[in-house]
1. Under 8 Å for C-alpha pairs, at least 6 residues apart: give me the relative contact order for the stretch 102-241, rounded to a whole percent.
2. Nothing charged except the Cβ atoms of Lys and Arg (+1) and of Asp and Glu (-1): what's the magnitude of the dipole of the chain about its Cα centre? Round to the nearest 20 debye.
3. Tell me, how many Å apart are the Cα centres for the stretch 158-185 and for the stretch 8-56?
4. How much length is gained if the chain between residue 70 and residue 126 is pulled fully straight, taking 0.36 nm per residue apart and subtracting their Cα-Cα distance, in nm to one decimal?
5. Suppose we keep just the alpha-carbon trace of the stretch 1-70; what are its Rg and Dmax in angstrom?
6. If I take the Cα coordinates of the chain and project them onto the principal axes, what are the three extents in Å, biggest first?
7. Between residue 9 and residue 201, what length in nm is gained on full extension when 0.36 nm per residue of separation is reduced by their alpha carbon distance?
8. Quick one, what does Rg over Rh come out to for the stretch 76-170 if you take C-alpha atoms and the Kirkwood Rh?
Amino acid sequence: MIEQRLSEQRGVGDHGWLNSRHTFSFANYWDPKQAGFSDLLVINDDRVAKGRGFGAHPHSNMEIISYVLEGALEHKDSMGTGSVIVPGDVQLMSAGSGVTHSEFNHSDTEGVHFLQIWVVPAEKNTPPGYQQISVSEADKRGNLRLIISPEGENGALRVRQDIRIYAGLFQGDEQQTLTLPDDRYAYIHVARGSVRVNGLQFNAGDGARVRDEKTLSFSHGDGAEVLLFDLRPNEVNHPTR
């Protein structure tokens, strides 16, 4: 079963300097039917104005992933980590027992567009940590490239939960089929462009909960950038408030 959730069904947060679309309940957007899916708690589609950003604020017991689509995002944290991530980069901050960080648009002339993703960790109060990789367009072209996993195999970032995240780019005749392990859920998020999944049309911002599907086939892409989450079959919600 593929349960689609269209872009316009998402929550909206418009703060002037920040325009955000919330796939799941977050901040002032609350829908008890959208309190995450399995261990995937947040997908925020954020656009931040030039020179603006999120000042220093704390997190704990959360795996926080930043995936830049356009522009440059500057990160600083209380672990002493500082970096600027651009399209192709993937950042994972394990908040664990507690960390403070800030995220700003690195540019004074252009906006930044990125996804912020939260995953509930399997263990609480572990030491905080930071990881980052760069994944080339060639690695994602017509392919679902593993970017995050519990084991961190093949250069993927290591997450503290039983979840695997893939990223792919699809255009025209490019296609890829992923076989899901038995008794697993999945979540599809189309970051931009359009693509068909098992014959269903998805456009930018669309997503879907996936249950009881053995394979997912991506095809007929038009500038599509896709994230696919392979998840535990867990219906327990982890509300953000």
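The values are calculated or read from the model by the stated rules, or taken from the named source; none is laboratory data. On a predicted model such as this, the values are computed, not experimentally measured, just so you know. Here the Cβ positions follow ideal geometry from the backbone for every residue, glycine too, while neighbour counts run over all protein chains shown. Please note that ligands, DNA and RNA were not included when accessible areas were found on the heavy atoms of the full protein model with its side chains. Shrake-Rupley method; radii C 1.70, N 1.55, O 1.52, S 1.80 Å.
1. On the way: 277 pairs, mean separation 31.9, N = 140.
In percent, rounded to a whole number, it is 23.
2. Numbers: 23 positive and 32 negative charges, 75 e Å.
The calculation lands at about 360 debye.
3. That distance is 23 Å.
4. Numbers: separation 56, 0.36 × 56 = 20.16 nm, distance 3.21 nm.
Here the answer is 16.9 nm.
5. 13.3, 43
6. Principal extents (Cα only, largest first): 44, 40, 37 Å.
7. On the way: separation 192, 0.36 × 192 = 69.12 nm, distance 1.58 nm.
Difference between extended and current length: 67.5 nm.
8. Values: Rg = 14.3 Å, Rh = 14.6 Å.
So for the stretch 76-170, dividing Rg by the Kirkwood Rh gives 0.97.
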